[in-house]
Amino acid sequence: MNTKIKHIVIEAELPKGVPIADLSRKYPETSFNITNGHWMKKDERIIYITSKEWKEEFFLFLKKHKSIIAIDRIGNIIMHHMKSRLLTNLEQKNMTLIYPTILKNGKHKIEFLINEKQLLDLKNALPECRVLQISDSYKPKVELTERQEEIVSRAQSLGYFKYPREVTLTELAKLFKISKATLSQTLRSVENKAVNNILNWRGEK
């Protein structure tokens, strides 16, 4: 099977009852950005969502949603704990999501870096999704230092960015002979560069 990495963009209609989908349908003209997320349990995920068109009522709407397990806010970023069968189907197949993803009026636009086998898995997991783009390269180029590139490349090869992770932050720090704090700061710096580059490419910054 060909393992060449492809850049793919899909659009999936989120079902009713999903908090962020219901929020986006309540405010259909607003574009929401899901900036990050991490797993709590097999099908429970912490999601970070924001919008340039911030309104206090976004937070109040999600706070009252029956499917929200817990919710908090950091400035204009809403952090909420929810069940997510959709993302479970995707990320358990070790597909690499590119954040931020875009949600508007119930439609979730998601970008991935995946190989051809993972593309077949994706289509099986989301048979009703619409593929918007498939390309052999990913346009945004993140300028990394030699050290950052070394760390990210090794972390990727060892499975740090997979779900579940195949190597821990502690193990990586020992491998590079640096502190966990330094390694975490390096990875955050790379993530920040990547997100800024994606937004610039999309014309959203």
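Expressed in nm to one decimal, what extension gain is obtained for the pair PHE176 and ASN192 from 0.36 nm per residue of sequence separation less their Cα-Cα distance? All intermediate terms of the calculation are to be shown ahead of the outcome.
On the way: separation 16, 0.36 × 16 = 5.76 nm, distance 2.11 nm.
Extending this stretch completely gives an extra 3.6 nm.
Which entries in the list LYS63/LYS83; LYS4/LYS162; LYS6/LYS162; LYS55/LYS83; LYS6/LYS109; LYS41/LYS117 go over 19 Å, if you measure between the two C-alpha atoms of each?
On the way: LYS63/LYS83 15 Å; LYS4/LYS162 17 Å; LYS6/LYS162 17 Å; LYS55/LYS83 24 Å; LYS6/LYS109 17 Å; LYS41/LYS117 26 Å.
Pairs exceeding 19 Å: LYS55/LYS83; LYS41/LYS117.
Under Stokes-Einstein, with the Kirkwood radius over Cα pairs standing in for Rh, what whole-number D in µm²/s applies to region 146-202 at 25 °C and 0.890 mPa s? Write out the running numbers ahead of the final one.
Working: Rh = 11.9 Å.
Value of D from the Cα-based Kirkwood radius: 206 µm²/s.
Which one, [x] 1.05; [y] 1.34; [z] 1.28, gives Cα Rg over 2.2 N^0.38 Å as derived from the coordinates shown?
It is the one labelled [x].
Within the chain, which complete DSSP H helices have Cα atoms spanning at least 18 Å along the helix axis and a mean Kyte-Doolittle hydropathy of -1.0 or higher? Please list the in-between numbers first.
Values: long enough: 180-202 (33 Å, -0.60).
Counting only whole DSSP H runs, the qualifying helices are 180-202.
Quickly estimate the mean residue ellipticity at 222 nm for the chain, helices only: each DSSP H run with n ≥ 4 gives -39500 (n - 2.57), and the total goes over all residues, rounded to 500. Present the calculation step by step, with values, prior to reporting the outcome.
Values: 7 runs with 77 residues, N = 205.
Result for the chain, helices only: -11500 deg cm²/dmol.
From the residues PHE58, GLN118, ILE10, which one has its Cα farthest along the dipole of the chain in the positive direction, the dipole being from +1 and -1 charges on Cβ of Lys/Arg and Asp/Glu about the Cα centre?
PHE58
Where a number appears in this text, it was derived from the coordinates with a stated rule and is not lab data. Worth saying up front: this structure is predicted, and the values here are computed from it rather than measured. Positions of Cβ are generated from backbone atoms using ideal geometry, with glycine treated the same way; all protein chains shown enter the neighbour counts.
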